[in-house]
1. Quick test of your reading of the structure: Asp160 fulfils all but one of (1) touching a residue at least 12 places away in the same chain (Cβ under 8 Å); (2) assigned to a helix (DSSP H, G or I); (3) of a type outside the set (A, V, I, L, M); (4) open to solvent by 50 Å² or more (accessible area, probe 1.4 Å). Name the failing condition by number.
2. Give segment 29-48 a look and list any residue that's within 10 Å of the ligand (Cβ to nearest atom) and not hydrophobic (A, V, I, L, M, F, W, C), or say none.
3. Identify all residues within segment 108-132 that are loosely packed, with under 15 Cβ neighbours inside 10 Å, over 21 Å from Thr62 (Cα atoms) and charged (D, E, K, R); write none if there are none.
4. With respect to Leu92, is the statement that it is near the ligand (Cβ under 9 Å from one of its atoms) and within 19 Å of Leu72 (Cβ to Cβ) true?
5. Given the conditions (1) more than 8 Å from the ligand (Cβ to nearest atom); (2) among the aliphatic types (A, V, I, L, M); (3) open to solvent by less than 20 Å² (accessible area, probe 1.4 Å), which single one is not true for Ala17?
6. Can you tell me which residues in segment 221-242 are within 14 Å of the ligand (Cβ to nearest atom), within 16 Å of the chain's Cα centre (by Cα) and surrounded by fewer than 23 Cβ atoms within 10 Å (Cβ to Cβ)?
7. Any residue in segment 78-85 that is open to solvent by 10 Å² or more (accessible area, probe 1.4 Å), farther than 17 Å from Leu95 by Cα, out of contact with any Leu (no Cβ under 8 Å at 6 or more places or on another chain) and within 11 Å of the ligand (Cβ to nearest atom)?
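The values are calculated or read from the model by the stated rules, or taken from the named source; none is laboratory data. Model, not experiment: these values are computed from the prediction. Heads up, the Cβs are rebuilt from the backbone with ideal geometry, glycines too, and the neighbour counts pull from every protein chain shown. Surface accessibility is based on the protein's heavy atoms, side chains included, excluding ligands, DNA and RNA. Shrake-Rupley method; radii C 1.70, N 1.55, O 1.52, S 1.80 Å.
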Amino acid sequence: MEISNPLEELSEEELRARLEGARLPTHVAVIMDGNGRWAEKRGFSRIRGHEAGVRAVREAVTACREVEIKYLTLYAFSSENWKRPKAEVQALIKLLKDYLVGERDELVEKQIRLRAIGRLEQMPADVRAELDKTVALTAQYDKMTLTHALSYGGRAELVDALRKVIAAGIREPDEEAVSRYLYAPDHPDPDLLIRTSGELRVSNFLLWEISYAEIYVTNVLWPDFSAKHMYAALLDYSMRERRFGKVSGGDGGWT
Ligand code: FPP
């Protein structure tokens, strides 16, 4: 679907300048979509699209760190992604492992804490080992928390939370009890959800947590997503009015 985002016509510098003093989100979550289409448009294999997608991940992380976004959560591998052709799954897993090793110095230098959410036990043992290493190495940093959703599904997260609620012997759970057993209960809910490649879906991502998130959809395919697009999304967010179910100055609306 073609979406119009006039702010994306501005330059990165102009957007950065306009972000000075703007009300920024604490937590940005991103559905990174369009690697395959980016590659197909160029006659490349889908795997090359994912490789180019890693470049965009680096750029998004740097852009958010520059403007002091506190939490960035990226949908790197969904529970449904296991159903892709074996070669593509293997390539994605390898990219992830290389990323977890290759980004360590950068994360330390930028004082970014790495975390992961999802059914991590489904990831291969060697990837989990590299993940654990990077998570441990960066655990003391608090400039920004970068969370990768891996083998992640929003419904699975809720099922896992409910199982823990039952195991804890809570017979009448309330919202607070469910929240307490999510994968990252200490993270604030995302304020802004970005989706690339023009699709208007939430694709089983952070279903509980995005209840009141503002949504920004861009036509840009993930490998082409740059700092400029991140800043356009942040600026767009800063201009919205968030009511959390209330009418401005009162009660009773829907949003
Ligand atoms: C969607 O593109 C993207 C993914 C399957 C996940 C995102 C993965 C990356 C950005 C690369 C690895 C990530 C890290 C953190 C190292 P798609 O293949 O669904 O695109 P399409 O809809 O155009 O086919």
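1. (4)
2. We begin by selecting, within segment 29-48, every residue within 10 Å of the ligand (Cβ to nearest atom); these are 30-41, 46-47.
Correct list: Asp33, Gly34, Asn35, Gly36, Arg37, Glu40, Lys41, Arg46.
3. Across segment 108-132, the qualifying residues are Glu121, Asp126, Asp132.
4. Details: near the ligand (Cβ under 9 Å from one of its atoms): yes; within 19 Å of Leu72 (Cβ to Cβ): no.
Criteria not met by Leu92.
5. (3)
6. Ser226
7. Yes, some residue in segment 78-85 is open to solvent by 10 Å² or more (accessible area, probe 1.4 Å), farther than 17 Å from Leu95 by Cα, out of contact with any Leu (no Cβ under 8 Å at 6 or more places or on another chain) and within 11 Å of the ligand (Cβ to nearest atom).
Matching residues to (1) in a helix (DSSP H, G or I); (2) among the basic types (Lys, Arg):
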| site | (1), (2) |
| --- | --- |
| Pro188 | no, no |
| Gly198 | no, no |
| Glu209 | no, no |
| Ile215 | no, no |
| Ala232 | yes, no |
| Arg242 | no, yes |
| Lys246 | no, yes |
